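> Here it is: the structure, laid out below.
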Amino acid sequence: MSDSLFSDAELVSTWLERHFASEDVAANRLLEAMAYAALNGGKRLRGCLVISAGRCVAQITGSDVRMDNLLSIAGAVELLHAYSLIHDDLPAMDDAELRRGKPATHIAFDEATAILAGDALQTQAFSILASDELAIADDVKIALVATLARASGVAGMAGGQMLDLQAEDKVLDVAEIRQMQDLKTGALISASVLMGAQAQGATDEMLAALASYADKLGYAFQIADDLLDALSDAEQLGKPAGRDAEQNKASLVSLLGLEEAQQITVQLAQDAEQALSRFGSAADDLVALARFAVNRSY
């Protein structure tokens with residue numbers, strides 16, 4: 001990633017650290033588990049997408065970048081992402097013991113605490129979007145909440161996780177894999193882009209172009225993840241490698257093989273960039289994020 005994107009990622013991480021430091025609750029063990037999951041490294045890709053999309057729209061419209069608002073939205077998205085990872089690692093789901101090189105939350109604490117931490121992170125994300133501290137008009141707040149809710153529920157991550165569980169030991173075709181991965185991974189990536197744009201007053205035409213970009217990026221990101229699982233070791237990934245094959249997970253890698261899956265990923269990234277052509281240099285950070293997402297080594 002570029003220096004500006006690394007800087008954005010650090011800003012998001014700092015925002016999250018301050019957020020947890022400012023919380024004063026009776027259930028301290030729960031808060032510790034929430035912070036453990038949310039602050040346990042990570043690329044902050046989704047938070048960076050919020051900021052980059054907002055910055056892009058601001059450049060096109062000539063408006064000021066409201067970094068305070070964008071950081072709050074980015075933080076909310078990252079909290080919701082952290083919830084999904086906690087639940088994804090649970091024994092009833094992927095039963096993973098490591099996340100980013102450290103014990104998964106249900107290992108570091110216990111399963112019940114991990115479930116509650118995930119629940120609380122999810123609700124905290126929506127609390128941030130509805131907060132008076134987010135200096136955005138109420139109709140925009142409602143749009144942000146609706147966008148994140150759609151990406152999280154049965155028509156988004158939760159639905160995608162269900163399809164993923166049902167797909168174990170089944171052979172899915174390309175369309176079925178695309179549907180599953182669009183929901184499980186792509187939905188939150190798309191929401192991140194759209195929320196950043198909504199916060200900066202994007203027009204419907206701008207949102208349509210950004211949605212096309214995000215749709216292709218989300219699918220490319222998931223295929224790249226599957227490729228990393230197949231090609232990397234545990235030290236590189238920060239979690240056990242080869243889990244998809246062990247659990248008979250449906251993916252383009254398992255269906256089409258490494259070479260064809262890599263080719264599709266490259267094409268999707270190029271298509272994502274093309275969707276941004278109308279924005280010119282204002283979309284440079286979004287282009288850089290697409291390239292990073294498919295070329296990363298961890």
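> Between LEU80, LEU121, LEU129, which is part of a helix (DSSP H, G or I), free of Cβ contacts under 8 Å to residues at least 60 places away in the same chain and either surrounded by fewer than 23 Cβ atoms within 10 Å (Cβ to Cβ) or among the hydrophobic types (A, V, I, L, M, F, W, C) (or both)? Outline the logic, then answer.
Values: LEU80 fails: free of Cβ contacts under 8 Å to residues at least 60 places away in the same chain; LEU121 fails: free of Cβ contacts under 8 Å to residues at least 60 places away in the same chain.
LEU129 is the lone residue from the list that is part of a helix (DSSP H, G or I), free of Cβ contacts under 8 Å to residues at least 60 places away in the same chain and either surrounded by fewer than 23 Cβ atoms within 10 Å (Cβ to Cβ) or among the hydrophobic types (A, V, I, L, M, F, W, C) (or both).
> Could you check segment 230-298 for helices (runs of 4 or more DSSP H) lying wholly inside it with 2 or more residues that are at pLDDT 95 or above and among the aliphatic types (A, V, I, L, M)?
On the way: elements: 234-237, 243-246, 252-256, 258-275, 284-295.
So the answer is 258-275, 284-295.
> Further question on the same structure: Spot the failing condition for HIS106; the list is (1) without any contact (Cβ under 8 Å) to a residue 24 or more places away in the chain; (2) surrounded by fewer than 23 Cβ atoms within 10 Å (Cβ to Cβ), and only one is missed.
Result: HIS106 fails condition (2) only.
> For segment 141-175, name all the residues that are touching a residue at least 40 places away in the same chain (Cβ under 8 Å) and under 21 Å from the mean Cα position of the chain (by Cα). Give the steps one after another, and end with the answer.
Within segment 141-175, the subset touching a residue at least 40 places away in the same chain (Cβ under 8 Å) is 143-144, 147-148, 150-152, 157, 161, 164-165, 167-174.
Scanning segment 141-175 gives ALA143, LEU144, THR147, LEU148, ARG150, ALA151, SER152, MET157, GLN161, ASP164, LEU165.
> Right, something else. If you scan segment 1-31, which residues turn out to be among the charged types (D, E, K, R), more than 22 Å from ARG55 (Cβ to Cβ) and surrounded by 15 or more Cβ atoms within 10 Å (Cβ to Cβ)? Please lay out each step first, then the result.
From segment 1-31, those among the charged types (D, E, K, R) are 3, 8, 10, 17-18, 23-24, 29; that's our starting set.
Keeping just the survivors that are more than 22 Å from ARG55 (Cβ to Cβ) gives 17, 23-24, 29.
Within segment 1-31, none qualify.
> Something else now. Can you tell me how many residues in segment 56-77 are under 21 Å from ILE189 (Cβ atoms), of a type outside the set (A, V, I, L, M) and surrounded by fewer than 24 Cβ atoms within 10 Å (Cβ to Cβ)?
So the answer is 2.
> What about VAL193, is it β-branched (Val, Ile, Thr) and assigned to a helix (DSSP H, G or I)?
Values: β-branched (Val, Ile, Thr): yes; assigned to a helix (DSSP H, G or I): yes.
Yes; evaluated as a whole, the condition is true for this residue.
The values are calculated or read from the model by the stated rules, or taken from the named source; none is laboratory data. Only a predicted model underlies this, so the values are computations on that prediction, with no experimental measurement involved. Every residue, glycine among them, receives a Cβ derived from its backbone with ideal geometry; neighbour counts consider all protein chains shown.
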